[in-house]
Amino acid sequence: MPEVITTGTRAPDAPRPPDAQVRYADPAAWLVCDLVGRALRDWQGDRGPLAVLGVSEYATGDTLRRVAADVGKGTVSPLRFVAASPGTLVGLSCLQFGLHGPSLLLTMPPAEGLPVARVLAARWLAGAAPAVLLVTHEVDRSGTHRGTCELLEAA
């Protein structure tokens, strides 16, 4: 059973949070970071090596498209390359909140990936981490990023 559940949205052009540890990241990663932060604020459990498990078919698609457009212009920022990595979707939260448990992104639609993610989370909860932050991310037709974060604890 989820201990804490958060949901949220983020526009692709929303500014980075004022307390950001990282200068640039994909909009999807900022959404996930916000969801994880809210879940951690609401949770009173063991702050051991928390795990982060994400499910997103879209991941860092906005930044990947920007990198491709910049290549065509001959000007590519190294920051965009780092932010374009799909792993940034869960990695940014690990950096921002000092999380050092296992982390993984399943690059598939949440409807298909959640059953797999729940099996992985159960395995991690059996010994690798006291809690797993299970995050989903999707993008709607308007380009708005939508996500959920469930904080799962071992029984």
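Mind checking the per residue accessible area of the chain for me, 1.4 Å probe, whole number of Å²?
Details: 7950 Å² over 155 residues.
Each residue of the chain exposes 51 Å² on average to a 1.4 Å probe.
Protection proxy ranking, highest mean first, for peptides 65-72, 37-44: 37-44, 65-72, where packing is the per-residue count of other beta-carbon atoms within 10 Å, averaged. Taking the accessible area of the range 14-155, probe 1.4 Å, and keeping the other protein chains in place, the carbon and sulfur fraction comes to 56%. Shown in residue order for the range 139-155 are the 3J(HN,Hα) couplings computed by the Karplus curve 6.51 cos²θ - 1.76 cosθ + 1.60 at θ = phi - 60°: 10, 8, 4, 7, x, 7, 7, 10, x, 9, 9, 10, 9, 9, 10, 5, 5 Hz (x for Gly and Pro). Taking R0 as 41 Å, what's the FRET efficiency between R65 and A155 from their Cβ-Cβ distance, rounded to 0.05? About 0.45, to the nearest 0.05. Rounded to the nearest whole Hz, the Karplus-based 3J(HN,Hα) values (6.51 cos²θ - 1.76 cosθ + 1.60, θ = phi - 60°) of the range 38-55 follow the sequence 5, 5, 5, 5, 8, 9, 10, x, 5, 8, x, x, 5, 9, 10, 10, x, 9, with x at glycine and proline. With both labels modelled 7 Å from their Cα along Cα-to-Cβ, the A20 to W43 distance reads 2.4 nm.
Taking amide H atoms as placed 1.01 Å from N in the peptide plane, the amide H of L105 lies under 5 Å from those of G54, each 5 or more residues away in sequence or on another chain.
The values are calculated or read from the model by the stated rules, or taken from the named source; none is laboratory data. Everything quoted here is computed from the prediction, not taken from an experiment. Glycine gets a Cβ as well: all are built from the backbone with ideal geometry, and neighbour counts include every protein chain shown. What goes into the accessible areas is simple: the full protein's heavy atoms, side chains included, and nothing from ligands, DNA or RNA. Shrake-Rupley method; radii C 1.70, N 1.55, O 1.52, S 1.80 Å.
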